[in-house]
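To start, the structure itself, in C-alpha cells.
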Amino acid sequence: MSRPDRTSGRILVAGVGNIFLGDDGFGVETVRRLAAEQLPEYAEVVDFGVRGVHLAYELLEGYDTLVLVDATARGGEPGTVYLIEADSAGDIEPETALLDGHRMSPDAVLALLGTLCAGTGTRPPRRTLVVGCEPAGAEEGIGLSPPVAAAVPEAVRLIMGLVRDGRHESSAPPAAVGEVAK
C-alpha cells in the first residue's frame, strides 16, 4: 500500500484532552462541534481524546498540516483562544517520549511521531498549529467552565478559516482573533 502524496494538502484537525477533567475537554468539545460543519474533502476532523499514540500513528498517513485543538495554559484569562505555530516537537527528545497512551501531551505525541517517522521513512506534517484555550480549571468533573464553553464557537470559526485558507497559505504566521504566539 502506497503512502498518500505529501503534496496533497491534507489537513488533520485533532481534538485532544480528557473530558473527565473539566476544561481539559476543550479540544474534544471543539472538534465535536466542528464535525457538524461542511468541510473541504482534504480536511479531516477527529476526536483523539487521550489516545496520543493513536494520533501519532495516524499522522504517518501523510498530512500536510496538523491542527491540534487542546486546552492550553499560557497565563491568560480563562476562555482566551490562542493560535500557536509550533516550530518543533518541543522540549521532549524523541528518545525520551513516554508511551503512556492516556497521558501524552502534544509535545510527547510530536516527539513520538519524530521517532516513528525516522523508523518508517515517512515525514511529519509540514506545518503544525495549535488552537488552544486558556482553561479555568482541570479538576475532576465533566463539562467546560462558562468562559471555556463560550470560547468553543470562536475556536470553531478560527479552525474553519484555517482549513479553508490553510491549503494554499503563505509562509507568514497565521492571524487570529485571540492571541497569536510563536
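Restricting the search to region 8-47, which residues are touching a strand residue (DSSP E or B) at 6+ places or on another chain (Cβ under 7 Å) and in a strand (DSSP E or B)?
Scanning region 8-47 gives 11, 12, 13, 14, 15, 16, 43, 44, 45, 46, 47.
List the residue pairs whose Cβ atoms are under 8 Å apart, where the first residue sits in region 40-61 and is closer than 19 Å to residue 26 by Cα, the second is open to solvent by 60 Å² or more (accessible area, probe 1.4 Å) and among the β-branched types (Val, Ile, Thr), and the two are 6 or more positions apart or on different chains.
That search, which allows pairs on different chains as well, returns 49/19.
Name the single residue, out of those in region 141-162 being among the aliphatic types (A, V, I, L, M) and out of contact with any helix residue (DSSP H, G or I) (no Cβ under 8 Å at 6 or more places or on another chain), that is nearest to residue 83 (Cα to Cα).
158
At pLDDT 85 or above and open to solvent by less than 10 Å² (accessible area, probe 1.4 Å), is that true of residue 55? Give the steps one after another, and end with the answer.
Values: at pLDDT 85 or above: no; open to solvent by less than 10 Å² (accessible area, probe 1.4 Å): yes.
Against the criterion (at pLDDT 85 or above and open to solvent by less than 10 Å² (accessible area, probe 1.4 Å)), residue 55 does not qualify.
Could you figure out which of (1) modelled with pLDDT of 90 or more; (2) over 15 Å from residue 156 (Cβ atoms); (3) touching a Gly at 6+ places or on another chain (Cβ under 7 Å) isn't true of residue 44?
(3)
Name the residue that is farthest from residue 42 (Cα to Cα), counting only residues in region 73-114 that are open to solvent by less than 50 Å² (accessible area, probe 1.4 Å) and at pLDDT 90 or above.
76
Which condition number in (1) surrounded by 16 or more Cβ atoms within 10 Å (Cβ to Cβ); (2) more than 24 Å from residue 148 (Cβ to Cβ); (3) without any contact (Cβ under 8 Å) to a residue 24 or more places away in the chain is the one that residue 28 fails?
With respect to (1) surrounded by 16 or more Cβ atoms within 10 Å (Cβ to Cβ); (2) more than 24 Å from residue 148 (Cβ to Cβ); (3) without any contact (Cβ under 8 Å) to a residue 24 or more places away in the chain, residue 28 is out only on (2).
Filter region 38-52 down to residues that are of a type in the set (Asp, Glu) and over 10 Å from residue 12 (Cβ atoms) and give me whichever is most open to solvent (accessible area, probe 1.4 Å). Please lay out each step first, then the result.
Step one: filter region 38-52 for residues of a type in the set (Asp, Glu), giving 41, 44, 47.
Narrowing further to those that are over 10 Å from residue 12 (Cβ atoms): 41, 47.
Values: 41: 162, 47: 73 Å².
For region 38-52, the residue satisfying everything is 41.
Across region 1-37, what is the number of residues that are more than 17 Å from the chain's Cα centre (by Cα) and either at pLDDT 90 or above or under 17 Å from residue 70 (Cβ atoms) (or both)?
Number of matching residues: 5.
Restricted to region 156-173, and to residues that are basic (Lys, Arg) and under 14 Å from residue 37 (Cα atoms), which residue is modelled with the lowest pLDDT?
Only one residue tops the list, namely 164.
The values are calculated or read from the model by the stated rules, or taken from the named source; none is laboratory data. The structure displayed is predicted, hence computed values, not measured ones. Backbone-built Cβ (ideal geometry, glycine too); neighbour counts: all protein chains shown. Accessible surface areas use protein heavy atoms only, side chains included; no ligands, DNA or RNA. Shrake-Rupley method; radii C 1.70, N 1.55, O 1.52, S 1.80 Å.
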